[in-house]
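The values are calculated or read from the model by the stated rules, or taken from the named source; none is laboratory data. These figures come from a predicted structure and were not determined experimentally. With ideal geometry, Cβ positions are generated from the backbone for all residues, glycine too; neighbour counts draw on all protein chains shown. Side chains are part of the model used for accessible areas, which takes the heavy atoms of the whole protein and leaves out ligands, DNA and RNA. Shrake-Rupley method; radii C 1.70, N 1.55, O 1.52, S 1.80 Å.
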Amino acid sequence: MMAFPLAIPTQDVPPAMPVLHREAPKPDAQFPTESCLANTICEVKDRVRWRTRAWKPAFCERIAHAVQESSQRYNIRPSLILAIMINESDMNENAVRTTMKNGTVYAKDGGLMGIRCVVDGQGRCINGHVRGMHWKKVMDPVTNIAIGVRELAHYRDGGGITNVTVRTRDSHGVLRTKVKRISCPHKNHAYWAHYNHGPYYIDHGPARHYPHRIAVLYYALARAMNMDTSALTSMRLTVIDRGKRPRTADRPVEARYQKLCQAIRGVGPICSPRTTAQLRPDSAD
């Protein structure tokens, strides 16, 4: 997945992907209306876009409908979907990053959700859940959102992997140690880390903080829409750096995310007020 730097600030659904089913969170009433979502999307787009045109209300409505539809299908909150959209593309539906290998195009990452397509000579994807899709179809905004949200659900519901060491006795009674692969329980990180990391969570280097980067946007967007933020109040988002306080959803750390959250905080309130569980009042950062 890609993330583009922030300077100061055909509706076809792709084929179903296999998911290892774990019970998903139960739906709640804290999802915004589609009109609230469309208005929020237009305002946020206007604040975070970088040298790209603003979206017209009709396009915002189209994007809101796509987000709402996938949100309800997979029980993933719209504010999380928008957070990933901002992080991956700065809400630029035409964003593309090309990876070259041996002088030829190997892969493209693009669209609102930063979907990766390893391309063949005919411009079709040959990887993972987009296998067989043409790159142009992947770039369709509605399809791009549907693919991204289904990817999120895939990792939430068992698509992530972790290794555990187990000790068992063989038929001769000898104790053997082996490494076993199991579905990742996401105990020390938010499940959306895998959207960037892939099946295995990366607990070192800058990548370890990807889930926190998404979380601060998720939190800011939920607050802007007067949505419930309690899902983020007790969540372990990422590894704790020795000697430092845990990273929490209400406190952006890196400059890019401070700017983005400041921009989002300037939106609204657009939706009708609802009670939210806050970590603590937002700081000025």
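How many residues are surrounded by 10 or more Cβ atoms within 10 Å (Cβ to Cβ) and either hydroxyl-bearing (Ser, Thr, Tyr) or more than 42 Å from the chain's Cα centre (by Cα) (or both) if we restrict to the stretch 168-179? Result for the stretch 168-179: 1.
Yes/no per residue for (1) open to solvent by 50 Å² or more (accessible area, probe 1.4 Å); (2) farther than 24 Å from HIS154 by Cα:
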position	(1), (2)
GLU61	yes, yes
SER70	no, no
TYR74	no, no
ASN87	no, no
GLY114	no, no
VAL119	no, no
GLN122	yes, yes
CYS125	no, no
LYS136	yes, no
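Search the stretch 233-269 for residues being open to solvent by less than 50 Å² (accessible area, probe 1.4 Å), farther than 27 Å from TYR201 by Cα and assigned to a loop (DSSP other than H, G, I, E, B), and hand back the single one that is modelled with the lowest pLDDT. The residue in question is GLY268.
For the stretch 220-232, a residue qualifies if it is closer than 19 Å to LYS45 by Cβ and either assigned to a helix (DSSP H, G or I) or modelled with pLDDT of 95 or more (or both), and the qualifying residues are ALA220, LEU221, ALA222, ARG223, ALA224. If you check every pair at least six apart or on different chains, which have Cβ atoms under 6 Å apart with a residue in the stretch 153-181 that is under 15 Å from TRP192 (Cβ atoms) first and a residue that is hydroxyl-bearing (Ser, Thr, Tyr) second? Final answer for the pair search is ALA153/TYR74; TYR155/TYR191; ARG156/TYR191; GLY158/SER183. Among the criteria (1) open to solvent by 10 Å² or more (accessible area, probe 1.4 Å); (2) part of a loop (DSSP other than H, G, I, E, B); (3) hydrophobic (A, V, I, L, M, F, W, C), the one ILE182 does not fulfil is (2). Within the stretch 205-217, does at least one residue satisfy the condition of being surrounded by fewer than 14 Cβ atoms within 10 Å (Cβ to Cβ) and part of a loop (DSSP other than H, G, I, E, B)? Yes, that holds for at least one residue. Checked against (1) open to solvent by less than 60 Å² (accessible area, probe 1.4 Å); (2) part of a strand (DSSP E or B); (3) over 23 Å from SER234 (Cα atoms), GLU151 passes all but condition (2). Somewhere in the stretch 89-109, is a residue within 25 Å of LEU260 (Cβ to Cβ), outside any strand (DSSP E or B), open to solvent by less than 10 Å² (accessible area, probe 1.4 Å) and out of contact with any helix residue (DSSP H, G or I) (no Cβ under 6 Å at 6 or more places or on another chain)? Yes, that holds for at least one residue.
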